[in-house]
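Chemist: Quick one: this structure, given as structure tokens, is what I'll be asking you about.
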Amino acid sequence: MAKTVLVTGGTGLVGKAIEAVIKEENPSDEKWIFVGSKEADLTDLASTRLLFERYQPTHVVHLAAMVGGLFHNMSNNLDFLRKNIQMNDNVLLLCHEHKIKKAVSCLSTCVFPDKTSYPIDETMIHNGPPHVSNYGYSHAKRLIDITNRAYFDKFGHIFTSVIPCNVFGPNDNFAPGVGHVIPEMIHRLHEIMCIKDTDKPQEEKVFNVFGSGKPLRQFIYSLDLAKLFIWVLRNYDSVDPIILSVDEATEVTIAHVAHSLAKAFDFKGRVEFDTSKADGQYKKTASNAKLRKLLPDYQFTDFDVAIKATVQWYLENYDTARK
């Protein structure tokens with residue numbers, strides 16, 4: 001029987017990456033439908049119900065969420081909590097009503113406890129409070145795991161979730177104050193180079209990076225994540241979450257990110273760090289041992305190669321990129 005896969009948040013970073021992979025694969029037994037916020041308000045149950053009635057999906061990839069970077073989260077924890085809870089509850093309820101064969105929702109490594117041992121793994125999600133900077137978003141995402149388990153216990157539904165590390169790539173949100181660290185830095189560095197003080201020699205310009213540059217992060221290229229998402233939908237049949245992350249050995253500092261971006265832009269000025277700005281969580285190293293056991297030979301794109309490709313996409317699509 002052919003699958004009809006509905007992807008919420010299908011116009012965002014991960015949705016666009018999945019769409020690109022599916023177009024390349026062109027599977028004959030799957031119909032993929034990518035929808036964005038203009039098509040339905042997922043915080044509204046009636047709007048969500050109409051969406052499901054329109055497309056009659058057999059499978060769902062739930063990516064839609066209210067998301068943002070560190071400083072946006074710190075100022076809007078209530079909105080992040082309420083809107084994400086509403087979206088997630090409505091989508092999973094409609095998955096139940098339409099007897100969806102499998103639903104895969106997207107969590108984040110920020111759901112893990114702030115005070116924990118490393119590396120973190122799938123069993124540790126609920127072991128303590130998340131970092132205070134984004135507790136609203138984190139608790140809303142944690143509740144997806146709880147809801148999935150409750151639907152399985154009562155109805156046997158295979159509603160599951162994946163936990164990516166920090167994602168970046170083409171079609172990201174590059175808006176300052178809203179986007180995550182890499183797209184925001186791309187936007188700011190491009191402005192420094194090409195928009196602000198155009199009469200100043202580039203060698204005299206300074207790229208100020210927020211924070212000390214010392215925090216560590218695992219970053220996954222969006223196209224790599226897309227391939228893993230598709231694999232989960234087709235092959236992973238457990239309600240237990242699975243971490244989709246690069247290996248621990250490829251964790252990089254924010255300083256490394258800044259210098260990699262400067263190289264990708266061929267920036268000839270100075271990179272400096274503004275220690276008056278918050279660093280956020282120092283590290284949240286995730287173990288991908290579960291993924292590696294199931295897919296031992298999966299090859300992730302090299303970080304600096306993926307940074308170069310993302311910068312190139314941004315430059316080529318500057319007029320239409322979200323910024």
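Chemist: What's the carbon and sulfur percent of the chain's accessible surface, probe 1.4 angstrom, rounded to a whole number? Walk me through the numbers on the way to the answer.
Modeler: Details: 7500 of 14600 Å².
Percent of accessible area from carbon and sulfur atoms in the chain: 51.
Chemist: Quick one: Cα centre-to-centre distance for segment 10-48 and segment 74-106, in angstrom?
Modeler: 15 Å
Chemist: Share of Cα-Cα pairs in segment 1-95 beyond 23 Å, in percent? Please report the intermediate quantities before stating the final value.
Modeler: Values: 1274 of 4465 pairs.
Result for the distance tail: 29 percent.
Chemist: Hey, quick one: spin label on residue 115, modelled 7 Å out along Cα-Cβ, who in segment 130-147 has an amide N within reach, i.e. under 19 Å?
Modeler: 130-136, 139
Chemist: Sticking to Cα atoms, compute the Rg of segment 79-151 to one decimal and its Dmax as the biggest Cα-Cα distance, whole number, in Å.
Modeler: 13.1, 40
Chemist: Sort 280-287, 216-223 for me by packing, meaning the mean count of neighbouring Cβ atoms within 10 Å per residue, highest on top. Could the numbers behind the result be given before it?
Modeler: Working: 280-287: 19.4, 216-223: 22.5.
Ranking, from highest mean packing down: 216-223, 280-287.
Chemist: So how many Å³ per residue does the convex hull of the Cα atoms of segment 203-323 work out to? Don't skip to the answer; put the middle values down first.
Modeler: On the way: hull volume 17.5 nm³, N = 121.
About 144 Å³ per residue, rounded to a whole number.
Chemist: Let me ask something additional. When the solvent-accessible surface of protein heavy atoms is calculated with a 1.4 angstrom probe, in what order do 227, 205 fall, highest first?
Modeler: Values: 227 105, 205 15 Å².
Solvent-accessible surface, decreasing: 227, 205.
Chemist: With every protein chain present, what is the per residue accessible area of segment 1-134 (1.4 Å probe, Å²)? If you can, show how the numbers build up before the last one.
Modeler: Numbers: 6150 Å² over 134 residues.
Using a 1.4 Å probe on heavy atoms only, each residue of segment 1-134 averages 46 Å².
Chemist: Over the chain, what is the percentage of antiparallel beta bridges among all DSSP beta bridges, to the nearest 5?
Modeler: Numbers: 2 of 32 bridges.
Approximately 5 percent, going by the DSSP bridge assignments.
The values are calculated or read from the model by the stated rules, or taken from the named source; none is laboratory data. Only a predicted model underlies this, so the values are computations on that prediction, with no experimental measurement involved. Neighbour counts are summed over all protein chains in view; Cβ atoms, including those assigned to glycine, are modelled from backbone coordinates with ideal geometry. Heavy atoms of the whole protein, side chains included, go into the accessibility calculation; ligands, DNA and RNA do not. Shrake-Rupley method; radii C 1.70, N 1.55, O 1.52, S 1.80 Å.
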